[in-house]
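Student: Questions regarding the structure given below will be posed in turn.
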Amino acid sequence: MFGRLVRPPVLKNTGSVARDLLASERTFLAWARSGLGFIALGIALEKVEAFASISPTLLQLENSNTKLAAGALVGVGSLCVLHGTNRYFRVMRDIETGVFRPNTGGVVGMAALCVGVGFAGALLLMESEKKHHERFERNARKQQARNKTA
């Protein structure tokens, strides 16, 4: 495979070979762009966590799971880029041999990863909201107790 990276094969342009390869390149770029989007979101989330450690009261992120979420996003993004690269070379090999295999596994896998990230994000948000609500109620009770004693 490394030889293909250094010396790509020369294919005879019969039928729609060139058009198919260019479409495969665009598809790879779409996978790479999606993966880089996930990776960038994970890095940004980690930077928010770093900012919150400087001023925890500003963002109220103590005991949050942002490191876990950031790691998951970077992992999903890396999987997208790896799948896109694998798919590109598999399509090139399929074009050489004159066969076509639909990308059902990649589509289902990407959809499952996106849904999983969405559900995990929703769970993290609900957990965070619950903690904020409990803190608000605790502070309200303390304030009421102070008002009664005053």
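Student: Rounded to whole Hz and in sequence order, give me ³J(HN,Hα) for the range 32-42 from the Karplus expression 6.51 cos²θ - 1.76 cosθ + 1.60, θ = phi - 60°, writing x for Gly and Pro.
Tutor: With the stated coefficients, the range 32-42 comes to 5, 5, 4, x, 5, x, 4, 4, 4, 5, x Hz.
Student: When we measure straight from the Cα of Lys47, which aspartates and glutamates land under 16 angstrom away, once same-chain ones fewer than 8 places off are left out?
Tutor: Glu62
Student: Determine the gain in length on full extension of the stretch Asn147-Phe89; use 0.36 nm per residue of separation and subtract their C-alpha separation, reporting nm with one decimal.
Tutor: 13.8 nm
Student: Give, in nm to one decimal, the length gained when the segment between Arg135 and Val99 is fully stretched (0.36 nm per residue of separation minus the Cα-Cα distance). Display every interim value, and only then the final one.
Tutor: Working: separation 36, 0.36 × 36 = 12.96 nm, distance 6.08 nm.
My answer for the length gained is 6.9 nm.
Student: Shape verdict for the range 92-139, please, from the Cα gyration tensor: rounded (a/c under 1.5), prolate (a/b greater than b/c) or oblate.
Tutor: Prolate.
Quick note: the coordinates plus some simple rules give every number you see, no bench work behind them. Just so it is clear, the structure is predicted and the values come from calculations on it, not from any experiment.
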